[in-house]
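As structure tokens, the structure follows; a few thoughts come after it.
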């Protein structure tokens, strides 16, 4: 990591910390939003130029250091001319509870509010960003994919589009292979009594939900994926801790908690119920990419969300990559990060429709052609 930080020179990357009043009021102590801001090649040479800005965030288990790793990869791709010149904000969504996913939560705090009303305006005063919805774009993978998807849906007047890859379940009719709205629900067993799968590899089940939870129980209330979901999605329980979605011993789902999840975090339900107000700002702006062999079966809820969006006339852009898993959706041949090029180019056309970025800028020299 030390070598990476040495590469993060002032013309490439700026570490940013912002003390959030909204989060501070919630927690009763100073709370900071953190990010690495990656500048495009030629940024300093063109002091009058403003740039489209992509907001990226990591998945479960990631942190601020991972943001820098990905940010430097993106910088090198911009420098090589395979991505357009944009500012990238590599957001940190890690907390001791897991990932807060930039959602407003009664347990984690108002992260969505803090990002959109405090951090983004603060950044736009410090860097030459477009500062308008068409120039604020979102992308992230896994839990970061869900975070950016919900930010677009919940704040459609602020962001101009999301490119979410392999997001966590966005329609809770398929939450890790369980329909949370069915009767007598159990996260461990189907109605026929079969184990509920959670991880697959090459077409074979390699872990069930019950097996996963036995591992998480060793970790306790912090550090597991399902406990992280509880911290984001659940109401507070009598003790003040998040109310678990299900009994970890038996797998039995608490229907009251499932109803709370539905009302506050089921993105398919939210977009449908708020379509009259948000529809004009969401049409054509939701892009989702997932593998058909996603390791955690996340192509299932993606298809359900797509069906809802199509029924609403939302003109969604969903891409299902045949045979791809959770870990290789960005690959194309030997290039493990090729999807960033596609996402960057599509973001550019959203922010600068009809403008050929290759003709506008010589990225390696930072000089106008």
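Just so it is clear, none of the values below were taken in a lab; they were calculated from the coordinates. These numbers come from a predicted model, not from an experiment. Every residue, glycine among them, receives a Cβ derived from its backbone with ideal geometry; neighbour counts consider all protein chains shown.
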Looks like region 48-136, by Cα gyration tensor root eigenvalues a ≥ b ≥ c and the a/c under 1.5 rounded cutoff (else prolate when a/b is bigger than b/c, oblate otherwise), is oblate
Under a plain spin-label model, where a point goes 7 Å from the Cα along Cα-to-Cβ, how far apart in nm are residue 349 and residue 335? 1.6
Convex hull volume of the Cα atoms in the chain, per residue, in Å³? 149
Checked region 242-297 against the a/c 1.5 cut and the a/b vs b/c comparison, axes a ≥ b ≥ c from its Cα gyration tensor; verdict oblate
For region 96-173 and region 20-59, compute the distance between their C-alpha centroids and round to whole Å. 12
Under the classification rounded if a/c is under 1.5, otherwise prolate if a/b is larger than b/c and oblate if not, where does region 176-263 fall, given a ≥ b ≥ c as square roots of the Cα gyration tensor eigenvalues? oblate
Given 37 °C, 0.692 mPa s and a Kirkwood radius over Cα pairs, the Stokes-Einstein diffusion coefficient of region 105-251 in µm²/s is 187
Would you calculate a helix-derived [θ] at 222 nm for the chain, using -39,500 (n - 2.57) for each DSSP H run of n ≥ 4 and dividing by the full residue count, to the nearest 500? -10000 deg cm²/dmol
In Å³ per residue, the alpha-carbon convex hull of region 76-186 encloses 142
Quick check on packing: order 222-235, 25-38, 137-150 by the mean number of other C-beta atoms within 10 Å, highest mean leading. 137-150, 222-235, 25-38
